[in-house]
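Participant: Sharing a structure below in structure tokens format, with a few things to ask.
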Amino acid sequence: MLLLDSRSSSEVDPDPKPAVLNEREARLLESQRKRVVTDKNLLRHRTHESRTFLRSTPESQTKLKALLGRLESEDDNESVDALLEAQELRSVELLSFVQKALDLPGQREIRKEAFDLIVGYNRSNLLPLIHQAFSDQDKELRLAALEALENLGQPSDGEEADDSADAVEDEGKVELSEQDREAVLRILADAFNDVDPEIRQQALASLLQMELSLQVEGFKLAQQSTYEDVRSNVMHVTSTSANWDTMEIAINALDDPNPDIQEAARENLDFYIGKPFQSGSEAREWWQSNRHLFDDDLFLEDLENLHVIED
């Protein structure tokens with residue numbers, strides 16, 4: 001079952017795009033598809049609802065200064081108390097608090113606990129902290145960094161409904177810029193090639209929570225991983241979701257150096273359209289010639305064209 005998202009068919013992109021992209025986007029709007037994959041065992045609901053920061057105020061700035069002083073205290077109880085109070089700090093000052101915590105010397109547990117305070121926020125200004133956390137030696141902090149990627153660019157889930165509109169930061173700032181997207185993809189690429197299998201698995205699990213275009217690019221990176229478990233898991237999570245994107249993912253996997261992954265790709269393609277292919281070049285040539293005959297769910301739009309599958 002595809003996971004769907006309501007998108008307005010009246011949305012108009014002011015930037016002209018190549019005909020192929022326009023055709024693909026039109027099909028996506030018609031199918032209302034949001035996710036690339038189905039509800040497989042690696043897919044889970046996001047642990048945290050998407051939320052945005054409240055606007056900075058003189059009160060929040062004053063509170064931050066007090067919390068930073070207590071966070072740096074050599075008294076662990078004082079630091080913990082500062083952490084507990086920081087949970088109520090929902091403005092952008094929270095980023096400064098987490099930055100200070102990450103910069104604390106040693107591997108104090110409070111560093112990861114402080115980082116957890118920003119997991120779920122959807123603004124791209126988290127990216128420097130996420131990058132720092134992922135580059136850390138603490139495994140739990142690195143896993144949390146990958147989880148923090150999931151909500152970036154996502155619309156808020158309504159936590160701010162009780163706050164006045166003036167108190168919440170501009171929702172228009174949520175959308176990721178191209179530079180932001182590249183930063184997210186660089187972190188994912190590193191994670192897909194990490195020596196720790198838990199990091200690799202978390203990277204794929206987090207990718208499944210991201211918006212469609214990031215998933216498409218992320219899966220390309222996952223298929224380039226030097227680790228077979230990552231490439232194999234891509235076949236698994238896309239195995240029962242037939243659409244243009246998973247079609248291309250399977251075609252790429254036909255050229256994988258691992259015969260088992262090649263076979264999984266053939267099985268996926270057989271499920272999608274019921275047509276066998278022996279190589280990526282063969283499948284790619286056929287798909288480029290015939291994809292206009294299929295809707296986004298890979299159903300033929302006209303059964304008179306059934307011969308393209310049967311031939």
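Participant: Taking the stated definitions as given, is ASP302 surrounded by fewer than 18 Cβ atoms within 10 Å (Cβ to Cβ), touching a helix residue (DSSP H, G or I) at 6+ places or on another chain (Cβ under 8 Å) and closer than 25 Å to LEU185 by Cα?
Facilitator: So ASP302 does not fit the description; no.
Participant: Mind checking which residues of region 137-157 are within 10 Å of PHE115 (Cβ to Cβ) and touching a Lys or Arg at 6+ places or on another chain (Cβ under 7 Å)?
Facilitator: ASP138, GLU140, LEU141, ALA144
Participant: Next question. For the subset of region 213-250 comprising residues that are surrounded by 19 or more Cβ atoms within 10 Å (Cβ to Cβ) and of a type in the set (D, E, K, R), which member is modelled with the lowest pLDDT?
Facilitator: The residue in question is ASP245.
Participant: Filter region 266-311 down to residues that are basic (Lys, Arg) and in a loop (DSSP other than H, G, I, E, B), then give me how many there are.
Facilitator: Adding up the residues that qualify gives 1.
Participant: Looking at this structure, is GLN32 modelled with pLDDT of 65 or more and over 29 Å from GLN137 (Cβ atoms)?
Facilitator: Numbers: modelled with pLDDT of 65 or more: no; over 29 Å from GLN137 (Cβ atoms): yes.
Here the answer is no, as GLN32 does not meet what is asked.
Participant: Out of (1) farther than 20 Å from VAL234 by Cβ; (2) within 18 Å of the chain's Cα centre (by Cα); (3) modelled with pLDDT of 95 or more, the odd one out for ALA189 is which?
Facilitator: So ALA189 meets the others, but not (1).
Participant: I've got another one for you. Could you look through region 251-295, keep only residues that are surrounded by 15 or more Cβ atoms within 10 Å (Cβ to Cβ) and without any contact (Cβ under 8 Å) to a residue 24 or more places away in the chain, and pick out the one that is nearest to VAL216 (Cα to Cα)?
Facilitator: So the residue we want is LEU269.
Participant: I've got another one for you. Go through (1) surrounded by 13 or more Cβ atoms within 10 Å (Cβ to Cβ); (2) part of a loop (DSSP other than H, G, I, E, B); (3) modelled with pLDDT of 65 or more for SER96 and report which single condition fails.
Facilitator: Only one criterion is unmet by SER96, namely (2).
Participant: Could you list, in sequence order, all residues of region 240-265 that are β-branched (Val, Ile, Thr) and assigned to a helix (DSSP H, G or I)?
Facilitator: If the condition is that a residue be β-branched (Val, Ile, Thr) and assigned to a helix (DSSP H, G or I), then THR246, ILE249, ILE251, ILE261 are the ones that fit.
Participant: Mind checking which residues of region 113-128 are crowded, with 21+ Cβ neighbours inside 10 Å and in a helix (DSSP H, G or I)?
Facilitator: ALA114, PHE115, ILE118, LEU126, listed by residue number.
The values are calculated or read from the model by the stated rules, or taken from the named source; none is laboratory data. These figures come from a predicted structure and were not determined experimentally. Reconstructed Cβ throughout: ideal geometry from the backbone, glycine too, with neighbour counts over all protein chains shown.
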